[in-house]
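Visitor: Below are the structure tokens for one structure; questions will follow.
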Amino acid sequence: MIITTTKDLKALCARFKKHSFITVDTEFIREKTYYPQVCLIQLASPDEAVCVDPLSAELDLSPLFELFQNKKVIKVFHACRQDIEIFYHLSHQIPVPIFDTQVGAMVCGYGDNVSYQQLVNDFVGISLDKTMRITDWSKRPLSPEQIEYALHDVIELKTVYTKMMEKICAQNRLDWLSEEMADLINPSSYEYNVDLMLKKVKTPFKKPLQTHVFSKLYAWREKVAQKIDRPKKHFMKDEALIELAIALPTKPEQLDSLRSIPAGFSKSDYAKEIVSVVVAATKDDPASFEQPVQTKPLSTKQHNLADILQLVLKICAENYEVAPKLVATQDDIRTFIQTGEAPFLNGWRQKVFGDAALAMQAGKLSISFDPALGKIVLR
């Protein structure tokens with residue numbers, strides 16, 4: 001079944017709000033646009049499964065967004081960040097409450113990026129056919145085979161969710177999920193924060209002025225890409241911004257000498273904007289330039305301790321059948337070594353790893369191989 005009218009969607013949502021949970025998935029494309037373009041929305045309750053066609057001219061998604069804000073209905077996804085990004089962009093709201101089976105799988109002992117196919121195989125006992133995952137979902141009409149394929153994701157997700165919850169509740173680990181789920185519904189995770197984006201870009205700059213100019217050009221590119229709805233790196237690559245920050249052009253024609261700038265670009269209006277951004281940035285007060293965060297390096301002894309604690313973390317995670325990443329990160333361990341503080345010294349993480357980390361640091365814990373068990377153990 002595929003819903004193409006607001007009337008049918010409204011009726012569906014009225015039925016769905018009577019259930020304690022629904023499963024949700026989307027099919028989208030984002031290769032040619034800045035924002036992901038949702039092409040199909042799959043929904044399932046314990047009683048039925050349907051596809052919603054967001055490309056239909058007769059459909060308003062408002063009833064669905066209202067259902068997504070119903071706190072009595074848990075919205076279940078798998079690896080939901082991109083799905084939530086889509087709904088946040090469309091409605092400026094995040095579905096609540098949610099449950100992400102990828103996060104739930106971490107509590108059940110899987111890695112931090114377990115595939116949906118693996119979970120379906122383990123919890124449902126079937127192998128999913130993923131041959132249509134490269135389908136162009138924007139083309140209409142959709143074939144019966146496409147619809148059946150799309151629906152399977154939310155149909156099997158119902159069983160994955162119910163069985164996973166049974167396991168998590170039986171182990172009294174429901175509260176282990178709270179921090180991860182809270183991060184997933186944090187609006188700042190889906191807003192286009194240029195400062196956070198910049199921290200992920202590696203640049204060769206040694207001068208604060210170059211870093212400052214690059215940041216201004218990066219922000220300019222972000223705004224233009226959003227305005228014209230094109231992937232930012234399709235519009236202009238990072239390499240071009242780096243060259244511009246090094247060359248510091250003051251005239252549009254100077255752009256022609258840069259390798260990463262397309263031929264003829266200097267005659268465009270964008271060239272004038274680039275020069276304007278560069279010139280303005282060079283006139284800014286150097287005292288306003290953001291200073292790079294200086295991370296104090298670990299000593300040789302601290303590096304050795306960090307390596308040992310990583311092994312301890314792995315052993316503890318295996319003993320408790322939980323993904324190591326959910327317990328502690330490399331940054332957490334570094335902070336612990338340098339400051340004596342870390343998230344894993346509180347709550348359930350302390351029991352899983354924190355106490356062992358403190359004992360190892362104090363020289364009260366050893367690591368050995370137990371031939372009877374065939375594995376490394378803590379003593």
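Visitor: For the chain, what does the accessible surface come to per residue with a 1.4 Å probe? Please give it in Å².
Guide: On the way: 20650 Å² over 379 residues.
On a per-residue basis, 54 Å².
Visitor: Under a 5 Å amide H to amide H cut-off, with H placed in plane at 1.01 Å, what residues pair with L40 once short-range neighbours are removed?
Guide: E27
Visitor: Which order do E273, E321 take when ranked by solvent-accessible area (1.4 Å probe, heavy atoms of all protein chains), largest first?
Guide: Numbers: E273 75, E321 95 Å².
Ranked list, largest accessible area first: E321, E273.
Visitor: Count the net charge of all other residues whose Cβ sits under 14 Å from the Cβ of Q330, scoring Lys and Arg as +1 and Asp and Glu as -1.
Guide: Details: positive: K314, K325, R334; negative: D112, D307, D331, D332.
Residues near Q330 contribute -1 overall.
Visitor: Of the listed peptides 11-17, 284-290, what is their order by residue-averaged count of other C-beta atoms within 10 Å, with the highest listed first? Walk me through the numbers before you get to the answer.
Guide: On the way: 11-17: 16.4, 284-290: 9.6.
Descending mean neighbour count gives 11-17, 284-290.
Visitor: Still on this structure: Suppose only helical runs count, i.e. DSSP H with n ≥ 4. What mean residue ellipticity at 222 nm does that imply for the chain under -39500 (n - 2.57) per run, divided by all residues and rounded to the nearest 500 deg cm²/dmol? Provide the component values of the computation, followed by the final result.
Guide: On the way: 16 runs with 170 residues, N = 379.
Calculated at 222 nm, the ellipticity per residue is -13500 deg cm²/dmol.
Visitor: Quick check for you: which residues of the range 29-60 have the amide N under 19 Å from the point 7 Å beyond the Cα of H234 toward its beta carbon?
Guide: 29-40, 55
Visitor: If each of N172 and K18 carries a label point 7 Å out from its Cα toward its Cβ, how far apart are those two points in nm?
Guide: Going from the N172 label point to the K18 one covers 3.7 nm.
Visitor: Please give the solvent-accessible surface of R334 in Å², to the nearest 10, using a probe radius of 1.4 Å with every protein chain present.
Guide: It works out to around 70 Å².
Visitor: Also, quick follow-up: Report relative contact order for the chain in percent, whole number only (criteria: Cα-Cα under 8 Å, sequence separation at least 6).
Guide: Values: 487 pairs, mean separation 53.0, N = 379.
Once divided by the residue count of the chain, the mean separation gives 14 percent.
Visitor: Related question: Per residue of the range 84-96, what does 6.51 cos²θ - 1.76 cosθ + 1.60 with θ = phi - 60° give for ³J(HN,Hα)? Whole Hz please, x for Gly and Pro, Karplus curve as stated.
Guide: 5, 4, 4, 5, 5, 5, 6, 10, 6, 9, 9, x, 9
Visitor: Mean separation of Cα pairs under 8 Å and 6+ residues apart, divided by the residue count of the range 210-363: what relative contact order is that in percent?
Guide: It comes to 17 percent, rounded to a whole number.
Visitor: Just how large is the dipole of the chain about the Cα centre, in debye to the nearest 20, putting +1 at every Lys and Arg Cβ and -1 at every Asp and Glu Cβ?
Guide: On the way: 47 positive and 48 negative charges, 174 e Å.
Dipole magnitude for the chain comes out near 840 debye.
Visitor: Does a label point 7 Å from the Cα of A263, set along Cα-to-beta-carbon, have any residues of the range 215-255 with amide nitrogen under 14 Å, and which are they?
Guide: none
Visitor: Separate question: With all protein chains present, calculate the accessible area of H152 using a 1.4 Å probe and round the result to the nearest 10 Å².
Guide: Near enough 70 Å² of accessible area.
Visitor: Could you tell me how far the Cα centroid of the range 128-174 sits from the Cα centroid of the range 317-379, in Å?
Guide: Measuring centre to centre over Cα atoms gives 35 Å.
Visitor: Would you mind telling me the antiparallel percentage of the DSSP bridges in the chain, rounded to 5? It would help to have the intermediate numbers written out before the result.
Guide: On the way: 15 of 23 bridges.
Among the beta bridges of the chain, antiparallel pairing accounts for roughly 65 percent.
Visitor: Using +1 at the C-beta of Lys and Arg and -1 at the C-beta of Asp and Glu, which of F16, P252, Q226 has the Cα lying farthest in the positive direction of the dipole of the chain?
Guide: P252
Visitor: A follow-up question, please. Keeping the other protein chains in place, figure out the carbon and sulfur percent of the accessible area of the chain, with a 1.4 Å probe. Please list the in-between numbers first.
Guide: Numbers: 10730 of 20650 Å².
Heavy-atom surface of the chain belonging to carbon and sulfur, 1.4 Å probe: 52 percent.
Visitor: Per Stokes-Einstein, at 25 °C and 0.890 mPa s, what whole-number D in µm² s⁻¹ belongs to the chain, with the Kirkwood radius over Cα pairs as the hydrodynamic radius? Mind dumping the intermediate values first?
Guide: Details: Rh = 24.5 Å.
The Stokes-Einstein estimate is 100 µm²/s.
Visitor: Sequence-distant or interchain residues sharing an amide H contact under 5 Å with F99, placed H: which?
Guide: So F99 has HN proximity to K75, V76, F77.
Visitor: So, one more: Could you state the number of Å between the C-alpha centres of the range 182-201 and the range 203-267?
Guide: 22
Visitor: Which whole-Hz ³J(HN,Hα) couplings does the range 264-279 yield from phi under the Karplus relation 6.51 cos²θ - 1.76 cosθ + 1.60, θ = phi - 60°, glycine and proline marked x?
Guide: x, 4, 5, 8, 8, 5, 5, 4, 5, 5, 4, 4, 4, 5, 5, 4
Visitor: For the range 219-325, build the charge dipole from Cβ charges (+1 Lys, Arg; -1 Asp, Glu) around the Cα centre, then report which of S276, L311, P297 sits farthest towards its positive end.
Guide: Result: S276, furthest along the dipole toward the positive end.
The values are calculated or read from the model by the stated rules, or taken from the named source; none is laboratory data. Since the structure is predicted, the reported quantities are computational estimates derived from the model, not experimental observations. Backbone-built Cβ (ideal geometry, glycine too); neighbour counts: all protein chains shown. Each accessible area value is taken on the protein alone, full model and side chains, heavy atoms only, with ligands, DNA and RNA left out. Shrake-Rupley method; radii C 1.70, N 1.55, O 1.52, S 1.80 Å.
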